[in-house]
Structures are given as structure tokens and as C-alpha cells.
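Chemist: My questions will all concern the structure given below.
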Amino acid sequence: MKYQQELKDSIRKALPDLDVVIAWSSGFDPLHATPHFIRRDEDIDRLEIGPLCVHNLATYLPGLRGKKVGIVVKGCDSRSVIELLQENLIKREDVTIFGFPCTGVVDQTKVRKALGNAGRVDFCQVASQTLVVGAGGTEHKLRLSKVLADKCFSCQYPNALLADHFVGEKISPSVAEEEGYDDLAAFENMPLDERFAFWQKEMDRCIRCYACRNACPMCVCRDHCLAESRDPHWLSQEDNVRDKWMFQLIHAYHLAGRCTECGECQRACPMDIPLLLLKKKMNKEIKELFQYEAGVDPAATPPLLSFKMEEENIKEREW
Amino acid sequence: MPVLKGKELRIVGFLCNWCSYGGADTAGVGRFTQPTDLRIIRVPCSGRIDPLFIIKTLMNGADGVLVSGCHPRDCHYAEGNFYARRRLEVLHRFLPILGFEPGRFEYTWVSASEGQRWQQVVTRFTEQIHKLGPAPKIAGPEASKTLRQMEAAL
Amino acid sequence: MAKVQFIKSADVKPWLAELAQQHRVFAPAYDGEALIFRPFDPELEVVLDRAATMPPKKTVFPQSEMLVDFTYSKDPEDLSRVRIEARETLPEGKTLVFGSRPCDVRGFTMFDRVYLSEKMTDIYYQARRRNTLFISLACSTIENTCFCHWVGSDPCDHTGSDVLAIPVSGGYLLESVTVSGEKLLDSQLLADGASRKAEADKFCHEIAGLLGSTRDLSQAPEKLLAVFDNMEFWEEVSAKCLSCGACTYLCPSCYCFNITDETSGMKGKRLRSWDNCMSAQFTMEASGHNPRPTKAHRLKNRVGHKFSYYPAIHGGVTSCCGCGRCIKSCPAGIDIREIVLKAINFAPAAVEE
Amino acid sequence: MKIGVFVCHCGSNIEGTVDTAAVAAAAREFPGVAFATDTMYTCSEPGQEEIVTAIKEQQLDGVVVASCTPRMHEQTFRRTVERAGLNRYLFEMANIREHVSWIGKDREANTNKAIDLVRMSAAKLLHNRPLLSKKFEINKRVLIIGGGVAGIQAALDCAEGGLQVVLVEKTSSIGGKMAKLDKTFPTVDCSSCILGPRMVDVAQHPNITLHAYSEIDEVSGYVGNFEVKVKKKATYVDWKKCTGCGVCMTKCPSRKATDYFNEGIGKTTAINIPFPQAIPKKAKIDADFCMKLQKGKCGICEKICPTGCIDYSQQDEYVTEKVGAIIAATGFDLFDWTVYGEYGAGRYPDVITSLQYERMLSASGPTGGHIKRPSDGREPKNVVFIQCVGSRDKSVGRPYCTGFCCMYTAKQAILTKDHLPESRSYVFYMDIRATGKNYDEFTRRAMEEYDAKYIRGRVSMIYPKGDRLLVRGADTLMGTQVELDADLVVLAVGAQAAAGANQLAEKLRISYDSYGFYMEGHPKLKPVETNTAGVYLAGSCQGPKDIPSSVSQGSAAAAKVLGLFSKDKLESDPQVSMVDIKRCIGCGKCMKTCPFGAIKEIDFRGMKKAEVIETICQGCGICTSTCPQGAVQLQHFTDNQILSEVNALCQF
């Protein structure tokens, strides 16, 4: 990544005033990055940015309340930071934001599919439009357009919307805004009963690990989630589709008007359940109804926490 | 749970205490005949209705859910139905992605004086649900029982 | 003496169909993008070339199971006198898992030491364990996350399996491990495999070689205890942990559970469901006090339990089978190997005078 | 929990279409139910005794009554269980009358539905917890909005009862519609003679603070502790100095101002005192017509005012009044009759409203009590009265009966004969509504002694015919067409909700019906209460009323306030929200959405947490449906309580 050195320099300058800077470094194999907590100068060297930096590091911010935290953000991640600021869950003065222009991150599920049963990954390089992966003794060239996450194809905010330090040149979104929900539209063209069956099938394999919830930067209830609570007692601990699906709807509804569409829920899901679809649908409706997008303006009020006496876009049916 | 030998469908109503519950009372006082399917859960205000109650009710297998509150601007608590309107409208638009037929959930406003309107609302909603027929059920707590029977069969 | 048979690749599905007459057969198949053990369905492709997303843990240790079902009944003379009739709901029926990996199945041996000990037997676990057979498949590829050789295993380890299948040209060599496994190998679809034994041995030798060098974990129990009170150490290694349950629920050797009662009307059931030590609820006490209040405490427990406390009471056996799923599926990319090695190599800073 | 279930027959009201014995039998199978029976009238003395006895004998710790709507008898039964030593919230009601027996005749379906409703109630009751009220201080002042006869009565009764009263009147004088009337039915006594002294009493009473020419801007707080922001509109006259001498009126050159008091019959001066008996008798400037305010020229009133009270720069002023109760007595407005094309839609000067006619009849009115045709000042010979103009007419959205028009029309027919003995009155009517004391006798007198000709039927058209009007209508009793030459037509215009009534209701958080009239707490049993504690109604704001009824309601509302204030402290409703401090993460979403500002942020061991101020919380539960982790729960309507109802209904 072009701006990596610039970013490192920027962090090096700021680190003395910070308790920690959250960034990424190379993970357990060359194909995976991992969140990287920079506390000491020597930690900076391992920093890496690029299409493997899938994690939305904003998720860690509420847990570090009271500390001076630096955070490296992609455009989508910055929206989560903004949303957290808006909800008073973090303090602006405690957070130092490092932004860079993001050209998209990979979807590891797509990569896995493209590689097949390749075995051990030996190296991974990012060329201009391809990801070159050496695995099982062969070199695989994966076109980025095939392995980038879906969310990147509808991304409207490739640059951090809020940053104290921005490295590199800002870039413009690669897709027109109206195309953002094409994938949703395709799903919505399915007959109702197929959608109903689809979700039941998808939810059936949920293992209730709640990675979706815990990876979500906006799931701020953390240890007090309804999922495990008896009072209120919304869900049983039974392994049935109804409770598992219900949990995802609780998640989706609690994010209504707050979700920044970072896609962490879906990325974190070890069972690859397409959870982002639910959130996108919610966001689409919120946007249509209230012309509102979460995580764009730290001073905005989320639409479900406010109202208008006359709602322009709600046509109450003549019931 | 078959409801009344298949004559009825399970329709659950969430009504605010001050307007719509009163409107349903007014309909009763006026002896405005209504279908018998609806079961009303009384809540203080439509603003108390967490949309998740509606989802939960549908997930539990209800065939229809009707929410009714005070007309906008008439909320006993001044603002409750304004919040409710947004939340319910979002839900109304959201449910189809899950595969729930759009007509299974409706929300409306009925004041305490509108007994006749309440009769019309209930009648129309019940007809709408009967037209849709019983809702498809989602595997719930009884699923493990089936699994056990399956195990026992082998 | 083990029975050794050969099956052609093309005959795997017919054979499973045959076995399905007497067993509930599970085999790895895709569900969406996840490869999981699904009830055998001739329509579904059985995917054997890679390890499943999720081990077949559910077959013996369901995600949730009913332990007891109970019914309240009232004394007609005095309605306030309520009787509870409770019934154990022991699982029945025979299950067969095909295509599990040696590491997956070896995980159950970690369960066995806990649930089938001399002191205590978990009857629900016991019933399923007895009635579940495993035809495991030796691994033909090695991934970056594989480390079964660190914990005393290898890609052809048959521990815990009833039959071990080893890829040979044109099919698989099937080697019985247990008596029950031997009985499975009676099908007309199978041929004697003795002639291919050498090829299989060669395969096992080569694949084990691909794993590379191992690490000595013998000091782990002691070293982990040494850093027990070093919260700074644990805070650092757990910084990126999200406290979700992906690692534990996908772990073939994690066996913790929670028990809850659910009633509906006059009926109810006692459920046992998976629980995970990464969750704050796991040790939450009724008073509101939590002895493991932070993710650092909880990750310490997970690593410590597997590599120190369990071995301490079970003859040095590490409660980890090295399948690497906790690494691969961790949404934050936490590598348990890294933590254990870090603890082993941890040198306390010299005390400043 | 040991629950007792009591299924009420309500005579045959329920038993007629619900098998109550079967409901009780089914209830015996429900979890927690230890006792179930059906009883004839649960709310009756023996019915309540049966509950008390059962609680004691069966050691019940929860009660379900399946009977009428909780809006009717929940309070009754809560007191019943309390008498037996139970907390009043360990009680649930299943509405099997209004919601079951009265809306369908299918006994099987009704019985089945009643069983479900009892199942729900019992399931919820299992999650009920005893709740205890908190006591809080009250501010024993009352605000009365509207200085018509109802408001005046309420103000005087409260003031006499020793309360501090704040009376707010929209116009520059109290008196309301009654002050405009010449005489009142059925006694034909002088309206201002009976109202005038009471208006003076208001002015002089030491306990009454009057804000005339003022409106309600904002209302906050709750019963016992309201805070009301009153907007005192600019009058451009310093009322502290104005003596009401009226010199300004004599010299004001702008004499074309609308005379609202006289219903537009004639004009008045830009600076004016609306009528001689006005209270407060203070001048105000109608800015729309004042040359000084409009064009900056003139200033005569300022020059001649002996006390120097004119202040052209005056601005609206706001005062905040703290009160414990509020009475709305905002009255009514006349229906805009010009929607009726058949009556000329306002084109014919000799078609006037009954209230304009009233001003004409009044000796202090613009014509000095002479009946004159507005067109040419001639005395009319034939006066035609048309009733139900904007009453009982669905086509104009006014299907209700205003109720008092029949009576004042009869009065006006009588007065017409008194004023003009040669005249003849004709009254087109639909039905005669004369149900008060001495009312029917009064209308009879109009017909029999004063020779008013009553024609049952409606007028289809009024045409000009020379300088007179031709009134064409039907006589439905005779089945004939009627055509009358009229010199003057008086329309008995019906009442509608006062302008701005809806906005005021929103500020007061009370509800109104589809016509804008305020909703009483119960149509029979709570005629002057509203559903908002501490807010009461008097007079025509609740629905059109004649003077005696308005006065009665004024007194009734005053009695309610006096009753409320007879306690030194009020008990808060414990059905308020509570925060589980362990679950709360201090995100503040509940604070954002609370309409009452009843949730505050507190510091708990260095962590932000929410806390509900119990006396301010009104129990709407918006916070509960907002809190994602369910940390704030509305007591008596908790998630678990509502979920238990859902689960009781939906066990598929």
C-alpha cells in the first residue's frame, strides 16, 4: 500500500501522546491481516494497510473508554467512529483518527472459494488489480474485482469522513450511489416463500457464537445483550431456527438507523450467514423514509430517536 | 395450536390504552359486531410497542398482527405515537425481506371515540388475514422434539 | 487385527446410502458457504477434500439438547397443589459420521475424560457417544492453521475413530479401528485393501512431513501458570479479542455447557446448551459479581484450561487437537499458538533494584 | 403464585354469549391458577366480597377478573384486592365484555376467545410484582383556561374554596359567549344582569389572578406540578395605568375596526374596550386598524390619554405560572355557515346569525336594542328563523346536535314579538330538542302565546325578491312546499370546537374527538376529568352546552380540583419506568426520547447510568422500547409481561 510509510510516520509522531494506536498487521498467514495494537515504537514497523485489512477497528473503541486511543480507519470504519461519537459512547478528545483512501478490502469467503483446496498459503502480494497468492506450491492470480467484499462495490465513502490525520490523496467512490442496493433488489425479486425458506435455511446453521454481535461496532450493549438475558427473556438458549433468527432480527432492529454497513457481522460469522443483507434492507428503508445515513454526521440524531409531526414519506395506510 | 377448529386464525393486536383500546371498548359499547379472531394486548402507549414484539409474535406463528394507537398529535403522552409511527413504518417495510407477506402486519390509528372505525379496522384486517390464510410456521421449541422422535425411530 | 478394505471414490455415496439404513449418517456438505456435517442426502455433494468449517461436535454434544421434560399437573381437589412429573430424555438411535478429520474426532477423547470419568458419568453424553461411530478421513492438505503435531497427533491419527479412511489412488483405504468399525466394513461395495496398505502408509508419512517442525509444549502447563497473575500479559494478548464464542463453539474439544429451564403453559423442559468461557455471562454470579470480569481474564482461562489446567489433571494431555479452527474462524485473527508460545518464552522483566 | 380467577356474568351481558362456567373451568388448568369461579356481578358488593373471601380462604396472591373493560373497573377491583391485603398490582383484568360478549354472538367462539384472554391475563399476572406509590408535594394553585361562564364559575368556586386561581382569557375581556347574549332561556332574564356581577367577582376576588388577552404557550410538568408559560399578547396599553375611562375610544379616528364583540354588526374603533361591562375594563389597540401602528401617523390616543398608558412599542410578554391543576374551559365557536349556498353563502345582508341577532336585541348592542334590517335599517315584519345550520348535517361534517339552538330560537321568536308586536316569526326546524327543566313549556309559549309559526322542514333556497327575501322550503308535516316573504332571516348556527382547540389539547396532552371537542375521562362517570391527571374540562370545549350545563361543569371541575388538593401530598402512579443499573450502559437513548424529561444521567461509581425521576415519569414506556438492552423497564408493562402475553397466545 502506497501510503503505508506516510501513515507509520504519522503514527510515530502521535504515539507519545496516545495509550495505544489500533491498526493492522499481518496475521496467521500471508493472506490474513489482524488487528494490531501499537503501544511501543517498535510495534509500528509491523503495521500494514491494504485490501486484507478487513477488520473494523472502531469496534474496540467503546472498550477503551478513558484511554487516549489512536485508530486507523477505512472510510466505512470512520462512519462507525462517527456514529459512536454521535451516541456519546466515546469522546472526541480521546480519539485520534488516522485515515487513508481505501480501494476496497477482500472478502475472505470469496478468496477461499477462488483458491479452492489450495493448502498452505506461502505468500500474498497485491498488484494493481490482482491479488497474487502462492498456495500449495502454485501461484494464484485473483482479480480484485472478483474477491473484494460486496460492500466495497456499493461504497460511497472510500475516504475517512472524519480524520485527524489523513494520508494520501482522497479518492472518489467507484460506484454511483443508486447502484448501492442492486444486490438487495435481486434478493427482493425472489418470491416471498423462497425468502422465508432462505432465511430459515441460513439461520439453521447459526451456532449462536455471537461473533456477528461482538464484531459489530454499534453493538454497544456488550455484556448486557438480550440474547443471553432472562429478564427480559426474549430468547431461549435452545438451538432452534426461531430463536436464532429472532436474534438476528433483534440485532437488525437495534441497528436500525445506526448501522454504518461495515459488514462486520457477516464477515465475522464463521458460518458465513449473509447477515448484511438484513441490515442493508433496513438501511435502505431508513434512507428512503428519512433521507438518513448513519455515521455521516456526528451531530445528527438517529431517525428512530426522533420524529416529525408530519412525516413526508410515511403514507399511513387508510386502515 | 389450531384455533377454534380452524375457524379462526391467530391475530394479535397491540393497542394503546388511551385511544385504541378505548375505541375497541366504544365498539363494544355500541355492539358493533366484529370477527372473533383478534386477541388484544393492552399497552400504555403505541410508543411502548417495541417492533420486536411484533416480530416475536409473527415468529411465534401468529397469522396477523395489528397495532393501533392514538392518531398522530393525539397521543396521551404527546409524542409516543410519533416514535411509534417511524418504528412501525420501518418494520412494515422491513418484514417482506424476511418472507413475511406484507399484509400480515398493519398499523393504524383509532381514537377512543371511533368505535365504528374500530369495527371496520378489525373486520377488514381479519378478512385480509383470512385471505392470506395461516402463516407458515417456523421451527421453534418443538423442533428438538421432532429430532428426538427421529432418533427414536432408528 | 484391523480389517482393511478399499472403496472406490465413486462408491462412497452408495456406501453411505447403505449405511444410512441403519444409522443417521452425517457427512460434510456445503450449506451456503459453510462446510458442515449435514444429514446424508444423496442429492448433496459430499465434500471430502478440505476440513469442514465446523467439526462434527454436534453429533455427540448437541448445540442444545433436552435433558428432562417436565409436566405440571394439578390436584383436582386442591388446584394449588401442583405435581411435577419429570422425565429424562435420553437420546436414542445410532449415528454415523463420515468424513470427520482425525483432529475432529480426537477432540471427543478430551470430552471422554470429563464426561465418562470413573467419578462421574454424563448419561446423555454417554448415550450419544456409544451410539455414534466415526469414519474419519486422513488429511490430504495441510493449512497454515494446522498444528495437530504440536499436541501429539498427526494427519492419520485414528484415535477416537472407528474407521480411518486414507486417500489412495482411485479411492480410499478403510482401516477399522474398533470392533464396531470393523462391522461397518462388510459392504459389497468394498474390496480387500491389504494390497494398498503400503501406498496408504506412504501417504501418511508424506503428509505428516508437510506439517513441518513441531514445537515442544511440555513446559506450557507450568509457564502458563507462571503468567497467571500477569494481567498485563493477558491484556496485551487479548486486546483484539471480541469475546465472541466462535473459537469455543467451533472447537472439537470445548465441552462447556449451560443449563436453563424453559416452560410454556403447564409443560417445560430443561435444556443443556453450549456455553463458552469467552462470554462475560459464563462466570457471572447471581450477585452481579464476575470473577472473570474482562476479556483478558477469559482468554487466559481458555488458553490456560487447554494447555495447563486440563493437562494437569488428565495426565499431561493437552485439551487441544490442533485443528486450527479457532485461529481460522476468529473474527479478529487471534492465534492461540502465538499466545502459548509467548507464555512459554515469557521472561519476566528483571526486577529493578 | 396462587391465582384466583373470577369470571363475571355481568347479568346476561357476558353470560348471554360466553359460557362463563366453561371459562372458569378452563382457567383452572392454567399455570398458577389455584381457584376459578364464575359470578353474577363481580363488581357488586357481594361480588367483591367473594373475591376478598377467596383471597383470604385460598391464600391467593394474585387475582384475575374477567369482566368488562379495565377502563371501567380496574380501579374498583384494585381496591378490592387491596382490601384483602394484596398489593393492587397483583391484579389483572380480562376484558370479555366490550371485547368479546358485546361484539359477537357466536357463543363457542366467544367462549374460546374469553378463555384466551384469561390465559393471557393469568400469564401476565405471573410476572406481576407488587408496586408501591411514592408521595410528592403539590402546588395548590389552579389554572383555568377560558373566561366564559364555565371558566368564571370554576374560577369563583375554586377561589371560594381557598385556592389560588390563575384565569387566562384569550380576548381582552372575560364573559365569553354569554356576555354577548341579550336574554337567556327559559326565564328570559337579562344575560348581562346575571353574568355581570360574577365577572366583577372575578375581578375583585383576592385569590384570582386574571390574564386577559393572553394565551397558553407551553405546558410542562405533571399533576400537582405543572408549569405553564402564558403569552400575554401586546395590547399597546399599559393596563396597570389604564382606568377604562374610554376617552381614547371617543377620539380614535380609526373607526372601521372589526367589532368582534358585536359579531361584526357595526364597527368599532382601533383602540377599544369591547363592551361597557368588560372585565378587565381596559382598552387595547387592534393593531390591524391602528394608523399609528400601521403607518406611524396619528398617536391621538397617546396624546389624550389622561393616565398616559398608551405604549405603541409594547411587545408580547411571557409569564410562567406554576400550578397543580388545569381546567380547560375554552368554549366553542360558531360554525361558518357561509358554506351553505342555499342560504346565500353570505351574499344577502339580511341573512344573519343568531348571535348577531342577539347583539341586535341587546339594549347595549350596536342598534341599541332595535331590530333593524342590516340592509336598509327598516324594521322587519316577517322574521324567518332557520334551525340546524351546521348541526345534524353530515354534508357539512357536523352530524351532531348543538343542543341549545332550539331553545334560543324560541327565545328569539318571543323577543322579536316583544320588540316588534306587529311582526311574525316563522321557525323552520327538524325536531324540537327541549329537554331541560321548563324548556318544553318555553317553546310551547313561543308557538302558542307569541304566535311563532313552526314549520317542520328544511329551507331549500333563499332568493332575493325586491328588497325582501323569498324563503322556499318544505313543510314535511303537511307535505307541501312553503314559500315565505321574509324581511330578515336568522340562522340558528350550530357550535363547533373553538379555533385552536386542537393545539391547546396537544399542549395539555389531552385527546379530542374528530370534531375537536375534548374527550372526557369517561362518557358517563368522568364527565369533567380527562385522561391526563390534573387536567379537567368545563363547558362547551367538551361538547356544546347551554348555560346551566356549563355552569354545572364549571362547578364540577372546581370540585374535582378542590378534591385533588384536599390532600397535602399526591401519590405517584408506580407504573413508571425503572432502570436496572447493572444492565444500563449509559448510552442515553432513553433520555433522548422521553417526552417528559423524566430520565436523568447519573454517575454511578464513575459510570454513566440513567435514572428515572418517578414523579415526572408518566408511564408511556417509550424508553423501554428504545433501550436496546432492556435495562429500563416500564413497571407493570415490562418486556417479560408483554412477552408472556404473546407467548400465552402464540404457542404453535
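The values are calculated or read from the model by the stated rules, or taken from the named source; none is laboratory data. All figures in this text were calculated on a predicted structure; none of them were measured in a lab. Glycine also receives a Cβ, built like all others from the backbone with ideal geometry; neighbour counts cover every protein chain displayed.
Chemist: Looking at the stretch C:181-193, which of its residues are small (Gly, Ala, Ser) and either buried (at least 19 other Cβ atoms within 10 Å of the Cβ) or at pLDDT 95 or above (or both)? Don't jump to the end; show me each part of the working.
Modeler: Quick first cut of the stretch C:181-193, residues small (Gly, Ala, Ser) only: C:181, C:187, C:191, C:193.
Across the stretch C:181-193, the qualifying residues are C:Gly181, C:Ala191, C:Gly193.
Chemist: Also, I was wondering about something else. Looking only at the stretch C:242-265, which residues are at the interface with another protein chain (Cβ under 10 Å from one of its Cβ atoms) and in contact with a Cys (Cβ under 8 Å, 6 or more places away or on another chain)?
Modeler: Keep residues of the stretch C:242-265 that are at the interface with another protein chain (Cβ under 10 Å from one of its Cβ atoms), which gives C:242-250, C:257-265.
Hits for the stretch C:242-265 are C:Cys244, C:Gly245, C:Ala246, C:Cys247, C:Thr248, C:Tyr249, C:Leu250.
Chemist: So which residues in the stretch A:190-204 are of a type outside the set (A, V, I, L, M, F, W, C) and crowded, with 21+ Cβ neighbours inside 10 Å, if there are any at all? First the steps, then the outcome.
Modeler: Going residue by residue through the stretch A:190-204, those that are of a type outside the set (A, V, I, L, M, F, W, C) are A:191, A:193-195, A:200-202, A:204.
Answer for the stretch A:190-204, where residues must be of a type outside the set (A, V, I, L, M, F, W, C) and crowded, with 21+ Cβ neighbours inside 10 Å: just A:Glu202.
Rundown of residues vs (1) in a strand (DSSP E or B); (2) in contact with a Gly (Cβ under 9 Å, 6 or more places away or on another chain), yes/no style:
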residue: D:Gln153; (1), (2): no, yes
residue: D:Leu156; (1), (2): no, yes
residue: D:Gly176; (1), (2): no, yes
residue: D:Ala203; (1), (2): no, no
residue: D:Phe226; (1), (2): yes, yes
residue: D:Cys245; (1), (2): no, no
residue: D:Ser254; (1), (2): no, no
residue: D:Glu263; (1), (2): no, no
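Chemist: Same structure, new question: Could you count how many residues in the stretch C:266-285 are free of Cβ contacts under 8 Å to residues at least 60 places away in the same chain, among the hydrophobic types (A, V, I, L, M, F, W, C) and away from chain A (no Cβ under 11 Å)? Can you show your working first?
Modeler: Pass one, the stretch C:266-285, residues free of Cβ contacts under 8 Å to residues at least 60 places away in the same chain: C:275-285.
Right, trim to among the hydrophobic types (A, V, I, L, M, F, W, C) and you get C:277-278, C:280, C:282, C:284.
Subsequent filtering for residues that are away from chain A (no Cβ under 11 Å) retains C:277.
Counting residues in the stretch C:266-285 that are free of Cβ contacts under 8 Å to residues at least 60 places away in the same chain, among the hydrophobic types (A, V, I, L, M, F, W, C) and away from chain A (no Cβ under 11 Å) gives 1.
Chemist: Here's something else I'd like to know. Can you say whether C:Cys244 is in contact (Cβ under 8 Å) with a residue 24 or more places away in the chain and either in contact with a His (Cβ under 7 Å, 6 or more places away or on another chain) or part of a loop (DSSP other than H, G, I, E, B) (or both), as far as the supplied structure shows? Break it down into steps so the answer makes sense when it comes.
Modeler: Numbers: in contact (Cβ under 8 Å) with a residue 24 or more places away in the chain: yes; either in contact with a His (Cβ under 7 Å, 6 or more places away or on another chain) or part of a loop (DSSP other than H, G, I, E, B) (or both): yes.
Taking the combined requirement at face value, the residue satisfies it.
Yes/no matrix, rows are residues, columns are (1) within 21 Å of D:Ser395 (Cα to Cα); (2) part of a helix (DSSP H, G or I); (3) within 14 Å of chain B (Cβ to nearest Cβ):
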| position | (1), (2), (3) |
| --- | --- |
| D:Phe428 | yes, no, no |
| D:Asp440 | no, yes, no |
| D:Thr443 | no, yes, no |
| D:Ile455 | no, no, no |
| D:Ser460 | yes, no, no |
| D:Gly473 | yes, no, no |
| D:Val482 | no, no, no |
| D:Leu491 | yes, no, no |
| D:Asn502 | no, yes, yes |
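Chemist: Out of the stretch B:106-143, which residues are within 7 Å of chain A (Cβ to nearest Cβ) and part of a loop (DSSP other than H, G, I, E, B)?
Modeler: Hits for the stretch B:106-143 are B:Pro136, B:Ile138, B:Ala139, B:Gly140, B:Pro141.
Chemist: Also, I was wondering about something else. Considering only residues that are within 17 Å of the chain's Cα centre (by Cα) and at the interface with chain C (Cβ under 9 Å from one of its Cβ atoms), which ones fall in the stretch A:25-53?
Modeler: To start, the set of residues in the stretch A:25-53 that are within 17 Å of the chain's Cα centre (by Cα) comprises A:32-36, A:49-53.
Across the stretch A:25-53, the qualifying residues are A:His32, A:Ala33, A:Thr34, A:Pro35, A:His36.
Chemist: What number of residues in the stretch C:51-88 are in a strand (DSSP E or B) and among the aliphatic types (A, V, I, L, M)? Before the answer, list the steps.
Modeler: The first filter runs over the stretch C:51-88 and keeps only residues in a strand (DSSP E or B), leaving C:64-75, C:78-88.
Among the residues that remain, those that are also among the aliphatic types (A, V, I, L, M) are: C:66-68, C:79, C:82, C:84, C:86.
Matching residues across the stretch C:51-88 total 7.
Chemist: Take the residues in the stretch A:115-141 that are buried (at least 18 other Cβ atoms within 10 Å of the Cβ) and not in a loop (DSSP other than H, G, I, E, B), then tell me which one is nearest to the other protein chains (Cβ to nearest Cβ).
Modeler: Within the stretch A:115-141, the match that is nearest to the other protein chains (Cβ to nearest Cβ) is A:Val121.
Chemist: For the stretch A:160-174, how many residues are exposed (fewer than 14 other Cβ atoms within 10 Å of the Cβ) and not small (Gly, Ala, Ser)?
Modeler: Qualifying residue count for the region: 3.
One line per residue, one yes/no per condition, for (1) more than 30 Å from C:Leu48 (Cβ to Cβ); (2) modelled with pLDDT of 95 or more; (3) in contact with a Phe, Trp or Tyr (Cβ under 7 Å, 6 or more places away or on another chain):
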residue: A:Cys102; (1), (2), (3): yes, no, no
residue: A:Asp107; (1), (2), (3): no, yes, no
residue: A:Leu115; (1), (2), (3): no, no, no
residue: A:Ala127; (1), (2), (3): yes, no, no
residue: A:Glu139; (1), (2), (3): no, no, no
residue: A:Cys152; (1), (2), (3): yes, no, no
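Chemist: What number goes with the only condition from (1) buried (at least 23 other Cβ atoms within 10 Å of the Cβ); (2) more than 7 Å from chain B (Cβ to nearest Cβ) that D:Ile616 does not pass?
Modeler: Of (1) buried (at least 23 other Cβ atoms within 10 Å of the Cβ); (2) more than 7 Å from chain B (Cβ to nearest Cβ), only one is false for D:Ile616: (1).
Chemist: Of the residues that sit in the stretch A:60-103 and are away from every other protein chain (no Cβ under 14 Å) and aliphatic (A, V, I, L, M), which one is surrounded by the fewest Cβ atoms within 10 Å (Cβ to Cβ)?
Modeler: A:Val95
Chemist: For residues in the stretch D:376-419 being closer than 23 Å to D:Ser362 by Cβ and aromatic (Phe, Trp, Tyr), which is surrounded by the fewest Cβ atoms within 10 Å (Cβ to Cβ)?
Modeler: Per the stated criteria, the residue is D:Tyr408.
Chemist: Would you mind telling me which numbered condition in (1) at positive phi; (2) in contact with a Pro (Cβ under 6 Å, 6 or more places away or on another chain) D:Gly221 fails?
Modeler: Every condition holds for D:Gly221 apart from (2).
Chemist: May I pose another question? For the list (1) within 27 Å of D:Lys526 (Cα to Cα); (2) part of a helix (DSSP H, G or I), I need the number of the one condition that D:Ala66 fails.
Modeler: (2)
Chemist: Give just the number: which of (1) of a type outside the set (D, E, K, R); (2) touching a Phe, Trp or Tyr at 6+ places or on another chain (Cβ under 8 Å); (3) at pLDDT below 95 does C:Gln281 not satisfy?
Modeler: With respect to (1) of a type outside the set (D, E, K, R); (2) touching a Phe, Trp or Tyr at 6+ places or on another chain (Cβ under 8 Å); (3) at pLDDT below 95, C:Gln281 is out only on (2).
Chemist: Out of the stretch D:91-107, which residues are more than 7 Å from every other protein chain (Cβ to nearest Cβ) and either among the acidic types (Asp, Glu) or without any contact (Cβ under 8 Å) to a residue 60 or more places away in the chain (or both)? Explain how you work it out, then say what you get.
Modeler: Going through the stretch D:91-107, the residues more than 7 Å from every other protein chain (Cβ to nearest Cβ) turn out to be D:91-96, D:100-101, D:105, D:107.
D:Phe91, D:Glu92, D:Met93, D:Ala94, D:Asn95 - these are the residues of the stretch D:91-107 that are more than 7 Å from every other protein chain (Cβ to nearest Cβ) and either among the acidic types (Asp, Glu) or without any contact (Cβ under 8 Å) to a residue 60 or more places away in the chain (or both).
Chemist: Would you check which residues across the stretch C:126-149 are within 14 Å of chain A (Cβ to nearest Cβ) and of a type in the set (Phe, Trp, Tyr) and list them?
Modeler: Within the stretch C:126-149, just C:Phe147 meets the criteria.
Chemist: If you don't mind, another one. Quick check: anything in the stretch D:33-50 under 30 Å from C:Arg83 (Cβ atoms), more than 10 Å from chain B (Cβ to nearest Cβ) and either among the polar types (S, T, N, Q) or assigned to a loop (DSSP other than H, G, I, E, B) (or both)?
Modeler: We begin by selecting, within the stretch D:33-50, every residue under 30 Å from C:Arg83 (Cβ atoms); these are D:33-39, D:50.
Then drop every residue that is not more than 10 Å from chain B (Cβ to nearest Cβ), which leaves D:33-39, D:50.
Now restrict to residues that are either among the polar types (S, T, N, Q) or assigned to a loop (DSSP other than H, G, I, E, B) (or both): D:37, D:39.
Checked against the condition, which is being under 30 Å from C:Arg83 (Cβ atoms), more than 10 Å from chain B (Cβ to nearest Cβ) and either among the polar types (S, T, N, Q) or assigned to a loop (DSSP other than H, G, I, E, B) (or both), the stretch D:33-50 yields at least one hit.
Chemist: Take residues that are touching a residue at least 60 places away in the same chain (Cβ under 8 Å), more than 10 Å from chain C (Cβ to nearest Cβ) and surrounded by fewer than 23 Cβ atoms within 10 Å (Cβ to Cβ) and tell me which of the helices (runs of 4 or more DSSP H) falling wholly in the stretch A:227-304 contain 1 or more.
Modeler: On the way: elements: A:241-254, A:264-268, A:276-290.
In the stretch A:227-304, A:276-290 are the helices (runs of 4 or more DSSP H) which contain 1 or more residues that are touching a residue at least 60 places away in the same chain (Cβ under 8 Å), more than 10 Å from chain C (Cβ to nearest Cβ) and surrounded by fewer than 23 Cβ atoms within 10 Å (Cβ to Cβ).
Chemist: Do any strands (runs of 3 or more DSSP E) lying entirely in the stretch D:506-606 carry at least 3 residues that are away from chain B (no Cβ under 13 Å), and which ones are they? Before you say what the answer is, go through the steps one by one.
Modeler: On the way: elements: D:535-537, D:569-571, D:577-579, D:599-604.
Counting at least 3 such residues, we get D:569-571, D:599-604.
Chemist: Here is a follow-up. Would a scan of the stretch C:129-144 turn up a residue that is assigned to a loop (DSSP other than H, G, I, E, B), surrounded by 23 or more Cβ atoms within 10 Å (Cβ to Cβ) and out of contact with any Cys (no Cβ under 7 Å at 6 or more places or on another chain)? Break it down into steps so the answer makes sense when it comes.
Modeler: Step one: filter the stretch C:129-144 for residues assigned to a loop (DSSP other than H, G, I, E, B), giving C:131, C:138-144.
From what is left, the residues that are surrounded by 23 or more Cβ atoms within 10 Å (Cβ to Cβ) are C:138-139.
Keeping just the survivors that are out of contact with any Cys (no Cβ under 7 Å at 6 or more places or on another chain) gives C:139.
Yes, because at least one residue in the stretch C:129-144 is assigned to a loop (DSSP other than H, G, I, E, B), surrounded by 23 or more Cβ atoms within 10 Å (Cβ to Cβ) and out of contact with any Cys (no Cβ under 7 Å at 6 or more places or on another chain).
Chemist: Among the numbered conditions (1) within 21 Å of B:Pro136 (Cβ to Cβ); (2) in contact with a strand residue (DSSP E or B) (Cβ under 7 Å, 6 or more places away or on another chain); (3) not aromatic (Phe, Trp, Tyr), tell me where A:Arg242 comes up short.
Modeler: Of the numbered conditions (1) within 21 Å of B:Pro136 (Cβ to Cβ); (2) in contact with a strand residue (DSSP E or B) (Cβ under 7 Å, 6 or more places away or on another chain); (3) not aromatic (Phe, Trp, Tyr), the odd one out for A:Arg242 is (2).
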